[in-house]
Amino acid sequence: TLAFDTIYAEGQRRYVESLSAYARQFLEMMDKPDVDSIEGLSPAISIQQKTTSKNPRSTVGTTTEIYDYMRLLFARIGIPYCTNCSRKISSQSVETICDSILKDFVGQKILILSPIIQRKKGTYEKLFEQIKKDGYSRIRLDGEILSLDGEFPTLDKQKWHNIEIVVDRIQTEKSERSRLFEAIQTAIKASKGDVMISSDKSEKIFSQNNACPYCGLTIGELEPRTFS
């Protein structure tokens with residue numbers, strides 16, 4: 001065929017000629033193709049076609065045995081994007097989060113919230129008890145600020161709920177940076193990595209856990225097993 005008997009044969013012949021006589025003795029040479037001239041031909045590789053054992057779970061990666069290498073490659077240099085809104089997902093430090101808030105919410109009164117439950121069903125009586133025991137007196141339940149000093153709210157266990165701890169309410173000014181920084185740390189500790197900022201104009205989630213800052217999708221730290 002043109003591919004194997006001509007292009008590959010000539011490409012291999014030219015490559016082998018560049019090797020030493022010692023190396024050439026270990027290589028099987030193909031016959032020189034019957035052509036007058038071939039220009040711009042690079043060294044060629046031929047992959048043998050053969051029948052392999054079939055598995056319904058096989059993929060291109062497993063069949064070609066590059067699966068493990070691709071997992072490692074994606075985990076180390078891959079850049080994740082949100083599957084909901086296609087925005088870039090990144091992990092942020094407390095310092096970076098603080099700077100972003102002072103820039104994006106400058107001059108606004110904001111609520112610093114610690115997102116504990118996001119779109120999950122349940123009644124969460126024990127969670128309310130634990131939040132109060134941890135020293136917090138207010139939560140935001142499905143967008144409404146509630147006090148935990150009295151009776152705990154009764155939730156419909158068949159409905160989705162969002163629960164955030166109200167950590168602080170401050171005016172975003174540079175003079176309040178120290179207080180803001182401390183509130184961010186507190187919120188991140190309570191939620192294990194996330195802080196939500198809410199103002200009259202907008203809301204935004206920041207995360208140390210590789211989360212989308214717009215819709216809140218969290219993927220965690222990228223590891224090879226993430227791509228299993």
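The values are calculated or read from the model by the stated rules, or taken from the named source; none is laboratory data. Values in this document were obtained by computation on a predicted structure and should not be read as measured data. Cβ: placed from backbone, ideal geometry, glycine included. Neighbour counts: every protein chain shown.
Checking each residue of region 204-220 against the condition of being within 13 Å of residue 101 (Cβ to Cβ), assigned to a loop (DSSP other than H, G, I, E, B) and under 21 Å from the mean Cα position of the chain (by Cα) gives at least one match.
Applying the selection to region 11-37, what residues are part of a helix (DSSP H, G or I), under 22 Å from residue 47 (Cα atoms) and either of a type in the set (A, V, I, L, M, F, W, C) or not assigned by TED's automatic domain parsing to the domain that holds residue 47 (or both)? Talk me through it step by step, then tell me what you get.
Start the filter on region 11-37 by keeping residues that are part of a helix (DSSP H, G or I), which leaves 11-17, 21-24.
Narrowing the set further to residues that are under 22 Å from residue 47 (Cα atoms) leaves 11-17, 23-24.
Matches in region 11-37: 16, 23.
Can you find a residue that is touching a Lys or Arg at 6+ places or on another chain (Cβ under 7 Å) and assigned to a loop (DSSP other than H, G, I, E, B) anywhere in region 142-154? For region 142-154, residues touching a Lys or Arg at 6+ places or on another chain (Cβ under 7 Å) and assigned to a loop (DSSP other than H, G, I, E, B): present.
Every residue, every condition in (1) assigned by TED's automatic domain parsing to the domain that holds residue 170; (2) exposed (fewer than 15 other Cβ atoms within 10 Å of the Cβ); (3) outside any strand (DSSP E or B), yes or no:
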{"residue": "62", "(1), (2), (3)": "no, yes, yes"}
{"residue": "73", "(1), (2), (3)": "no, yes, yes"}
{"residue": "106", "(1), (2), (3)": "yes, yes, yes"}
{"residue": "112", "(1), (2), (3)": "yes, no, no"}
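Examine region 78-86 for a residue that is in a strand (DSSP E or B), in contact (Cβ under 8 Å) with a residue 12 or more places away in the chain and either within 15 Å of residue 174 (Cα to Cα) or within 19 Å of the chain's Cα centre (by Cα) (or both), and state whether such a residue exists. Checked region 78-86: no residue is in a strand (DSSP E or B), in contact (Cβ under 8 Å) with a residue 12 or more places away in the chain and either within 15 Å of residue 174 (Cα to Cα) or within 19 Å of the chain's Cα centre (by Cα) (or both).
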